[in-house]
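Chemist: Here you go, one structure.
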């Protein structure tokens, strides 16, 4: 498991609106049995967007919105195999985390 890996949402109740989860946890802490993730929404399924707090990410040619304010710890066993990686969006993801934590 690598930081910024993207996983299919394993929850059938939410996967229609939130098809993916982004792992934001540092690889240094990969020995934990949970990973901190943020949901990736279909573009039309989220409102009240703030550009810096909700960056867009492209997965397999489709645009998704990261909701960094909805962080959650998910057991590793639920995540399965990564379907993509957003390392190329690292700066935007870190800026969103900074916005959430520091407000700037």
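Nothing in this text is a laboratory measurement; each read-out follows from the coordinates by a stated rule. Just so you know, these numbers come straight off a predicted model, no measurement behind them. Ideal geometry is used to build each Cβ from the backbone, glycine not excepted, and the neighbour counts take in all protein chains shown.
Chemist: Please find, among 69, 58, 47, the residue that is in a strand (DSSP E or B) and either surrounded by fewer than 11 Cβ atoms within 10 Å (Cβ to Cβ) or without any contact (Cβ under 8 Å) to a residue 60 or more places away in the chain (or both).
Modeler: From the options 69, 58, 47, the qualifying one is 58.
Chemist: Hey, can you tell me all the residues within the stretch 35-44 that are surrounded by 14 or more Cβ atoms within 10 Å (Cβ to Cβ) and more than 11 Å from residue 6 (Cα to Cα)?
Modeler: To start, the set of residues in the stretch 35-44 that are surrounded by 14 or more Cβ atoms within 10 Å (Cβ to Cβ) comprises 35-42.
Those that are surrounded by 14 or more Cβ atoms within 10 Å (Cβ to Cβ) and more than 11 Å from residue 6 (Cα to Cα): 35, 36, 41, 42.
Chemist: Please go through the stretch 77-89 and pick out each residue that is under 15 Å from residue 6 (Cβ atoms) and either in contact with a strand residue (DSSP E or B) (Cβ under 8 Å, 6 or more places away or on another chain) or exposed (fewer than 13 other Cβ atoms within 10 Å of the Cβ) (or both).
Modeler: Of the stretch 77-89, the ones under 15 Å from residue 6 (Cβ atoms) are 78-89.
Once the filter is applied, which keeps residues that are under 15 Å from residue 6 (Cβ atoms) and either in contact with a strand residue (DSSP E or B) (Cβ under 8 Å, 6 or more places away or on another chain) or exposed (fewer than 13 other Cβ atoms within 10 Å of the Cβ) (or both), the stretch 77-89 yields 79, 80, 81, 82, 83, 84, 85, 86, 87, 88, 89.
Chemist: Oh, and also: What is the number of the single condition among (1) exposed (fewer than 15 other Cβ atoms within 10 Å of the Cβ); (2) outside any strand (DSSP E or B); (3) in contact with a helix residue (DSSP H, G or I) (Cβ under 7 Å, 6 or more places away or on another chain) that residue 96 does not meet?
Modeler: (1) is the only condition that residue 96 fails.
Chemist: Of all residues in the stretch 2-20, which are touching a helix residue (DSSP H, G or I) at 6+ places or on another chain (Cβ under 7 Å), surrounded by 13 or more Cβ atoms within 10 Å (Cβ to Cβ) and touching a residue at least 40 places away in the same chain (Cβ under 8 Å)? Steps first, answer last, please.
Modeler: Quick first cut of the stretch 2-20, residues touching a helix residue (DSSP H, G or I) at 6+ places or on another chain (Cβ under 7 Å) only: 2-4, 7, 10, 17.
Cutting the leftovers down to surrounded by 13 or more Cβ atoms within 10 Å (Cβ to Cβ) gives us 3-4, 7, 10, 17.
Across the stretch 2-20, the qualifying residues are 3, 4, 7, 10.
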